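Remarks on the structure that follows.
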Amino acid sequence: MPDVHLLVLIHGMWGNPSHLGHMNKIFQEVKGEVEDGDIKLEVLVAETNKDESTYDGIDWGGERVAEEVFIFVIKTADLEKEGRKVTRFSVTGYSLGGLVARYAIGVLHQSKFFETVQPVNFNTLATPHIGIPRFPSAFSSISAFLGPKLLSRSGEQFFCVDKWSPRGRPLVEVLADPDRIFYQALILFPNIRIYANAINDLTVPYVTSGISAEDPFGEYEKNGIKIDFHEKYKHVIKSYSALPFSSETTKEQQGWFETIRNMRAPLPPRFQAEFPLNLAIYTLLPILFPTFICLALIRLSIQSHQSRGRVRHLEAQSTRERLIHIIGQLESELESAAVDLYDDPAGTPIATSPIPGANPADLTNPSEPTKEKGKKSRSKTPSYQPLLTPGQLQCIENLNKIPQLKKERAFFEGVRNSHAMIVCRDPKMFKQHLEGEGVLRHWADHFEL
């Protein structure tokens, strides 16, 4: 029997395996019947970290997914007498699932998993690789204040206010540290490809899903950016380049009647309506909006409280040494080494980089990018450009140094929020989500067996 190439799919916040059902369907259409020599594909859609469990943090999500992988491999090992075993491994994460994937491969690497199993593909779609960045807007400030409180441990880690490591660093920064096992596991994958929504992703903005310090698509209708699309993959950008501003690049303004006719209330898609019912909904907004906000806050508060209790129980019941403890030991050793170096400066060693071909001198101090930014003009930051922290800038620098990292951009115009469309999350309820099929086919076609 052929050996197994295991692909793990991981959903996002508030998610469950059904959210990746269409993604799995597209993958099976493209690759399901394909065999490369003696390799057979198996897809594992992670199930243990779903619904309310997604509040419990990137780390606990990663621990759960890694445990699912170990269980799958053990079950497959029972068939080794028939000549079947897992020899290749790939993982794809959507939204929060991408961060969970980056943590899970660290757990696998720490357990020597990749000594016998070859890592092949690592993919993410609309994943907040540097956390949720702040923007110069009131809404962003409110989100940054409420998010860590209402989304439990995951919210703290999303907004980088957690002190995950013993030295007080957020988990997102530790995941992107070349000296830590998560990063070292990531660079073992020869094929790393990330997909980001270039526009209209209100959940995970481009700068974090595309690992970029600036957003070139922030004012795409005005800044003259030229975009070419793949002929084969709908909504996937093939290339883009900025052009000098021209009035020809600005869309023609709608008349007042067309503006009213096309207005949509800021409600979930299932509650939106066409003209003239949209006007009726707008008149009810003073009642609907506060009611919706109150119900949402109550639900989030309850689930966050339950999550914090669940995490306390998990930490108390955990018998296996987790990576946070191992990293704590490493950081304690580093602090001891720092004291020794202070006493004996002549013995300072030269750091080595785990990145193939990278210069160790390039691994700069997290505060360095801020100094460079400080030299720029102090003019007011546009609302679409992020206010990144030194730690987030360092994450961008470290991740962009990975030579095999490739970036793809999806462009869904004329939608309120493109976050769910990139994976066709719920096409039965929202037909518009099917617009993301081009992205999924691009992912499946570029998946290496």
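Computed quantities for the displayed model
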item	result
Given (1) more than 15 Å from THR389 (Cβ to Cβ); (2) in a loop (DSSP other than H, G, I, E, B); (3) more than 14 Å from the chain's Cα centre (by Cα), index of the condition ASP201 fails	(3)
Odd one out for SER165 among (1) open to solvent by 40 Å² or more (accessible area, probe 1.4 Å); (2) closer than 29 Å to GLU115 by Cβ; (3) of a type outside the set (A, V, I, L, M)	(1)
Complete set of residues in the stretch 179-198 that are part of a loop (DSSP other than H, G, I, E, B) and either buried (at least 22 other Cβ atoms within 10 Å of the Cβ) or among the basic types (Lys, Arg) (or both)	ARG180, PHE189, ALA198
Members of the stretch 399-414 found to be surrounded by fewer than 17 Cβ atoms within 10 Å (Cβ to Cβ) and in a loop (DSSP other than H, G, I, E, B), listed by number	PRO403, GLN404, GLU413, GLY414
Hits in the stretch 114-133 (condition: closer than 25 Å to SER154 by Cα and in a loop (DSSP other than H, G, I, E, B))	ALA126, THR127, PRO128, ILE130, ILE132, PRO133
Residue satisfying condition, being of a type outside the set (S, T, N, Q) and modelled with pLDDT of 90 or more, within set GLU82, GLU67	GLU67
Checklist (1) more than 14 Å from TYR384 (Cα to Cα); (2) out of contact with any Lys or Arg (no Cβ under 8 Å at 6 or more places or on another chain); (3) modelled with pLDDT of 95 or more applied to TRP256, failing item	(3)
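One line per residue, one yes/no per condition, for (1) free of Cβ contacts under 8 Å to residues at least 24 places away in the same chain; (2) assigned to a helix (DSSP H, G or I); (3) touching a helix residue (DSSP H, G or I) at 6+ places or on another chain (Cβ under 6 Å):
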{"residue": "GLU67", "(1), (2), (3)": "yes, yes, no"}
{"residue": "LYS75", "(1), (2), (3)": "yes, yes, no"}
{"residue": "ARG88", "(1), (2), (3)": "no, no, no"}
{"residue": "ILE105", "(1), (2), (3)": "no, yes, yes"}
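The values are calculated or read from the model by the stated rules, or taken from the named source; none is laboratory data. For clarity, every value in this text was computed on a predicted model and none was experimentally measured. Quick reminder, even Gly has a Cβ in these numbers, built from the backbone with ideal geometry, and neighbours come from all protein chains shown. Surface areas here come from the heavy atoms of the whole protein model, side chains and all, with no ligands, DNA or RNA. Shrake-Rupley method; radii C 1.70, N 1.55, O 1.52, S 1.80 Å.
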